1. Would you point out which residue out of 27, 42, 38, 16 is of a type in the set (S, T, N, Q), loosely packed, with under 15 Cβ neighbours inside 10 Å and closer than 17 Å to residue 78 by Cα?
2. Could you list, in sequence order, the residues of the stretch 38-78 that are closer than 27 Å to residue 17 by Cα, part of a helix (DSSP H, G or I) and either among the small types (Gly, Ala, Ser) or out of contact with any helix residue (DSSP H, G or I) (no Cβ under 8 Å at 6 or more places or on another chain) (or both)?
3. List, please: which pairs have Cβ atoms under 9 Å, are six or more places apart or on different chains, and start with a residue in the stretch 23-47 that is farther than 19 Å from residue 84 by Cα and end with one that is outside any helix (DSSP H, G or I)?
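None of the figures in this text is laboratory data; all of them are computed from the coordinates on show. Bear in mind the structure is a predicted one, so any value in this text is a computation, not a measurement. Here the Cβ positions follow ideal geometry from the backbone for every residue, glycine too, while neighbour counts run over all protein chains shown.
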Amino acid sequence: MANHKSALKRIRQTETHNLRNKYYAKTMRNAVKQLRLTQDKTQAMELLPKVVALVDSVAKRNIIHKNKAANLKSGLAKHVNSLS
């Protein structure tokens, strides 16, 4: 168990941050999955900017690495462009 007040506060902060980060990561993954499952090009073109903005915001918060974000966005753009 922690012996210092600052350590106890750190534990509380870490739990709060972990919960918030999980929420953002899960929301992003769900949006990416929804876009990947979309077969209609017009609907996919409409979703793409929203999903890209979500991926960027998660990368900005250091929840995912910036290179992973770039790879995700590239793959999603290829998927949308391949739809007919």
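1. 42 is the lone residue from the list that is of a type in the set (S, T, N, Q), loosely packed, with under 15 Cβ neighbours inside 10 Å and closer than 17 Å to residue 78 by Cα.
2. Filtering the stretch 38-78 down to residues closer than 27 Å to residue 17 by Cα leaves 49-73.
Of the ones still in play, those that are also part of a helix (DSSP H, G or I) are 49-60, 66-73.
Once the filter is applied, which keeps residues that are closer than 27 Å to residue 17 by Cα, part of a helix (DSSP H, G or I) and either among the small types (Gly, Ala, Ser) or out of contact with any helix residue (DSSP H, G or I) (no Cβ under 8 Å at 6 or more places or on another chain) (or both), the stretch 38-78 yields 49, 53, 57, 59, 60, 67, 69, 70, 71.
3. Matching pairs, first to second residue: 24/61; 24/63; 25/63; 25/64; 28/63; 28/64.
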